[in-house]
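Read through the structure below, which is laid out as structure tokens, and then see the notes.
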Amino acid sequence: MAAPGAGAPSRLVQYVVVRSDLVHQLSWPLGAVITQACHAATAAIHLHYGDPDTRRYLEQLDAMHKAPDEAALSGLSDSLTQAGISHKLWIEQPENIPTCLALKPYPKETVQPLMKKLKLFK
């Protein structure tokens, strides 16, 4: 007998990681922070539009996570790059401030181990 879900496509997720210090320490309006997340998510989808997981993901939606500050966000970007995980680090211009990053859609089991220490955005 096959295991439950065997043969079923993996659940896809797109993590969008937002710096929580933008709101809590730098006093950015929440709307501006969400705008940054939208920019990063849209850029990641655009950059990887031809990817089969991205195409399949466009039929779904999922969760948003946050990083505590710029150093954590930049460190996460470095870790993702080293792990070969495609993503877009969004840098707000002209201020040149890294504000969030978005992964291209991936099967959850591929990227969840790299993201599990992040808290959900509230």
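The values are calculated or read from the model by the stated rules, or taken from the named source; none is laboratory data. Everything numeric here is computed off the predicted structure, so don't read it as measured data. Please note: Cβ atoms are built from the backbone with ideal geometry, for glycine as well, and neighbour counts cover all protein chains shown. For accessibility, only protein heavy atoms count, side chains too; no ligands or nucleic acids. Shrake-Rupley method; radii C 1.70, N 1.55, O 1.52, S 1.80 Å.
Points to keep in mind about this one:
- The P(r) of segment 25-122 has a tail past 21 Å containing 30 percent of all C-alpha pairs.
- Longest exposed-site-free window of the chain, the sites being GluC sites (Glu not before Pro) in a DSSP loop that have at most 13 other C-beta atoms within 10 Å: 1-58
- Segment 25-97 - percent relative contact order, Cα under 8 Å, separation 6 or more: 38 percent
- Placed amide H near ARG11: partners under 5 Å, 5+ positions off or other chain: LYS108
- Annotation: per residue accessible area for the chain equals 58 Å², rounded to a whole number [probe 1.4 Å, protein chains only].
- Computed over the chain: relative contact order in percent, which uses C-alpha pairs under 8 Å that are six or more apart: 39 percent
- Trypsin sites (Lys or Arg not before Pro) restricted to segment 28-105 and DSSP loop, no more than 12 other C-beta within 10 Å: none
- Accessible surface of the chain, 1.4 Å probe, proportion on carbon and sulfur as whole %: 57 percent
- Accessible area, probe 1.4 Å, largest first, for residues THR35, THR42: THR42, THR35
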